[in-house]
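Presented below is the structure to which this report refers.
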Amino acid sequence: MSTIVPAVAPPVVEEERPILKGRAPAPRWNRVAIGFLAPAAIFVGIFIVYPVIATIIRSFFNRTGETFVGVDNYFKVFTDSRTLHAIQNNIIWLLVFPVAVTGFGVMFAVLLERVPYRLVVRTILFTPMAVSLLASGVIWRIMYQQSPETGAMNAVIASVANAITHPGHYQGARPSQPDLMQPAGDGYQMSQTVAPGDVVHMGFIGFPVSEIPANAQDAKDPSSQSGRIVGVVWRDFIPGGGGQVGQVEPGKKGLPDMTVQLVDSKGSVAAQTQSDTAGDFSFASTSTGPYHVVLPAQNFHPPFGGVQWLGSSLVTPAIILAAIWVWVGFATVTIGAGLATISRDLLEAARVDGATELQVFRRVTVPLLSPLLIVVFITLVINVLKIFDLVYTIAPGSVIPDANVIALQLYLVAFTGLGDFGIGSAIAVFLFLLVIPVMAANIRRFQGEG
Amino acid sequence: MSSSRLGPVLSVAVLVSLLAACGGSSTSSSKPLAGKKVEVAAVWVKDEQKNFEAVLKAFSDKTGATATFTSTGDAIGTVLGSRLASNNPPDVAVLPQPGLLHDLAVKGSLKELDSATADIVSQNYAPVWKDLGTVNGKFYGVWYKASNKSTVWYNVSAFKNAGVSAPKSLTDLSQVFSTLSASGVKPVSVGGADGWTLTDWFENAYLNLAGRDNYVKLTTHTIKWTDQTVKDTLKALAQVLQDKYVYGGLSGALQTDFPTSVSNIAGNPPKAAIVYEGDFVEGVLKDTAHLTPVTDFNFFPFPGTTGPSTSVMGGGDVAVRLTDNAAGAELVKYLASPEAFQIWGAKGGITSANKKVDVSIYPDPLAKATASALANAQAFVFDMSDQAPAAFGATKGSGEWADLQAWLRNPNNIDAACAQLEKDAAAAYGS
């Protein structure tokens, strides 16, 4: 960042040019200079130049490194569907991430100009940069868990969703005799219509005994009453097994507080009641029917089950969001530093000339910041090309093919499984080629400005 | 006179007795390897390392050789590879996979074991274990540690509540799932986010449905993954692993990692009644979830097609020699003996395929049961995915792991799953 700050200050730029020109004559290679350069040159040679060359050479050999295979590895890279999917994901990252982070960075930086304690806020925004990416990944993976019990994101959504749609008493319950009852929306109704004098039996299974209110009694079979439609809803399962399906028997609890509706042939609700502690319900009927006995969906509403953030469709956006969280502090702090160097006079002059705040921002602030914005943007582009840690830690194994990126594919191919260093090297060279134009542009910028 | 004649006799007698004493002391120590050194490398860390070091200590006490342990962590293949390249391999290594044994043997990095060791292994182990230590007719490895991966774990109170008992066959299992579901608990939790749990499900089902011979053929890819036996197995599994039976549904299972799938059967009430994985699940339930074996949780052998299965699928760790050091040979021979195992076995967390190991040494009844199922299995097969090229059988996000995960997303799409499995297998096996 120390190289970035002077780059945005126009006066400094003007002053440095003569110095650059002064350096222009060919440097004299005396022994002292070589002596001073040697350690750095050796370091760069061993740790950068040699590995790059070795990787390029390695990419033309097979897995064992014994046979020269020409461009076969590159052919494999660009025909493998997993690698292609990784490249596709990298393109998504490239389109979304640098723009989003730079955008948020500008927004936060400009807004922070106007708040007290901006240093504190800026530090807080910057904190994620100080956390290891691996740790960030683990934190976000837990935050994204599907179960609202463990995943913070879903816990927030669940608290809202469950307030809007109350979970029903009997979540997950289903008829014990599916041939007698049919689904009606998210609830159930008797397949046969009923008329006064009929007795309705609605047995349910598939839900834990803990969902039954404590005051529930054993279900009892109601007897037919003339002019009334009576029935029972009960848990058709004796803890520990035994009994016969469809029978109201000792040990089977009635289901209290079940909402039961009588729906006429036109589909409108003629009457509604709640079952009692033994699961019994009863309707006085004025007409002969026929009626449908319906248990509406509100009895069975499951609680909010959680958004599957890490499923195959949402996993890449979810990881990008985590990456934005990590990097936005960097952009904010860097751009904030740039903003501080912009002369207040220019902004004031624009305001005096009648520019609105938006105009000041678009016509004065952004153009003055643009060299810095480009540096931030390029840094982010380079980082997004080599993104690895967050994808590796956040994506569960089952969605790695969906979340895959180039650097992760490199790792998977070269260091896990068969350990194919040939194809791995080819991917590394490809990644290197992708970064080179960006680096070249960056270097040209530095030279042009320095 | 007499005294002067006795003199030499006495002195000879003293000399003889002295010599005898000397000889006696050197034979009674019987430590032929005194002063020798032997280095052992294995993946074990922490408690496992400590337990194995106790075994090495017993070896040192017995033979006089100084045995040192080097932990390689998970990357034992890489560590051994670089040490072999620099001509400085450990004398003995304990490898966690037969595939690694095979690779090293083919490269010529392993030393053949002597006939005395081979005889001990033949006496103490079922023949399958000697075969698993043999490459191209040469005997290289002693299986010190073994694991039983044909164990299905269940929550006892969930079973009691539903009134079901341990199923014996796959048909029983379907019935048990249906009853458990009616009782209000999800029958099974699957750790599908980790691909290896799915390969283990498949391997057990395949072993029982298609038999040991086909299992071995599929392992070496001499039959294709598009074979009818594979399709039938996936069809049978699709019957069991139905969306309505799996905790969180099938898409939820693909988000569930292995530790979570185990803790799902540990609650009160549990989220799911059954979880399938190897004998190491017991340790997780006991130590992490603090459940009591037998009263809180129990296991049943992976059910056979029509009745109880006598086939066991599992894994193990094999001791091999990498140098000509005689102390190394002695150590590998020692590791084939029941006494070498019992030191660690009594501390728990390990099972042996050694028939001579007394099962009473295992610290709890479930460990005894899993170990005796292992030692008495009529057919034992090694984890198939562990034997496959790692690109197919052991890579996150590709090969068999990814293909079975894709299958679990849509279990009835069997032909497509088999085609993809065959494509990836063909690429990895190079055939």
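Derivation of every value follows stated rules applied to the coordinates shown; laboratory data play no part. Keep in mind it's a predicted model, so treat the numbers as computed, not measured. Positions of Cβ are generated from backbone atoms using ideal geometry, with glycine treated the same way; all protein chains shown enter the neighbour counts.
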Spin-label model distance (nm) - A:Gln177 vs B:Glu339, 7 Å beyond Cα toward Cβ: 7.1 nm
Counting only DSSP loop positions in the stretch A:252-308, the chymotrypsin sites (Phe, Trp or Tyr not before Pro) whose Cβ has at most 13 other Cβ atoms within 10 Å are none
Determine the shielding of peptide B:100-108 by partner chains: average, over its residues, the number of Cβ atoms on other chains within 10 angstrom of each Cβ. 0
Counting other beta carbons within 10 Å of each Cβ, put B:Thr233, B:Thr288 in order, fewest first. B:Thr288, B:Thr233
Within 10 Å of each Cβ in peptide B:254-262, how many partner chain Cβ atoms are there on average? Round it to a whole number, please. 4
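Just subtract the alpha-carbon distance of B:Asn376 and B:Asp232 from 0.36 nm times their residue separation and send over the number in nm, one decimal. Let's see the in-between values first.
Numbers: separation 144, 0.36 × 144 = 51.84 nm, distance 2.78 nm.
Using 0.36 nm per residue and subtracting the Cα-Cα distance, I get 49.1 nm.
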If you count the DSSP beta bridges with both ends in the stretch B:151-312, what percent of them are antiparallel, to the nearest 5? 55 percent
Order the peptides B:278-286, A:52-60 from the highest to the lowest mean number of other Cβ atoms within 10 Å of their residues. B:278-286, A:52-60
Nearest-0.05 FRET efficiency for B:Ala346 and B:Glu112 at R0 = 22 Å, using Cβ-Cβ distance, is 0.10
Between the helical axis of A:81-112 and the dominant principal axis of chain A, each derived from Cα atoms, what acute angle in degrees is found, rounded to the nearest 10? 80 degrees
Could you list the residues of the stretch A:63-89 with an amide nitrogen less than 20 Å from a label point located 7 Å from the Cα of A:Leu433 in the Cα-to-C-beta direction? A:63, A:68-89
Below 8 Å between Cα atoms, with a sequence gap of 6+, how large is the relative contact order for the stretch B:151-312 in percent? 45 percent
What does the convex hull of the Cα atoms of chain B come to per residue, in Å³, rounded to a whole number? 159 Å³
Can you give me the distance in nm between label points at A:Asp345 and A:Ser268, each placed 7 Å from the Cα along the Cα-to-Cβ direction? 8.0 nm
Could you check what % of the DSSP bridge pairs in the protein assembly as shown are antiparallel, to the nearest 5? 65 percent
Angle between the Cα long axis of helix B:2-29 and the longest principal axis of chain B, 0 to 90 degrees, nearest 10? 10 degrees
Rounded to the nearest 500, what is chain B's calculated 222 nm mean residue ellipticity when only DSSP H runs of at least 4 contribute -39500 (n - 2.57) each, over all residues? -15500 deg cm²/dmol
GNM on chain A, C-alpha springs below 10 Å: top fluctuator among A:Gly45, A:Gly65, A:Gly305? A:Gly45
Filter on B:Lys145/B:Lys333; B:Lys130/B:Lys368; A:Lys220/A:Lys253; A:Lys252/B:Lys168; A:Lys76/B:Lys231; B:Lys31/B:Lys347 - keep pairs with C-alpha separation over 19 Å: B:Lys130/B:Lys368; A:Lys252/B:Lys168; A:Lys76/B:Lys231; B:Lys31/B:Lys347
Cβ-based exposure ranking for A:Ile394, B:Ile120, B:Ile274, A:Ile42, in which fewest neighbours within 10 Å come first: A:Ile42, B:Ile120, A:Ile394, B:Ile274
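Taking the Cβ of each residue in B:Ser352, A:Ser81, A:Ser312 as the centre, tally the other Cβ atoms inside 10 Å and list the residues starting with the fewest.
A:Ser81, A:Ser312, B:Ser352
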To the nearest 10 degrees, the tilt of helix B:46-63 (Cα long axis) against the first principal axis of the alpha carbons of chain B is 30 degrees
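Considering only DSSP beta bridges whose two residues both sit in chain B, what percent are antiparallel, to the nearest 5? Don't skip to the answer; put the middle values down first.
Details: 22 of 41 bridges.
Within chain B, antiparallel bridges account for around 55 percent of the total.
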To the nearest 0.05, the calculated FRET efficiency linking A:Ala214 and A:Phe75 through their beta-carbon distance, R0 being 60 Å, is 0.30
Amide N of the stretch A:176-198 lying under 17 Å from the label point, which is placed 7 angstrom from the Cα of A:Ser224 along Cα→Cβ: A:192-198
Quick one: which residues, 5 or more positions from B:Val135 or on another chain, have an amide H under 5 Å from its amide H? H modelled 1.01 Å from N in the peptide plane, none for Pro or chain starts. B:Tyr140
Pop a pseudo-label 7 angstrom from the Cα along the beta-carbon direction at both B:Ala75 and B:Asp257 and give the gap in nm to one decimal. 2.0 nm
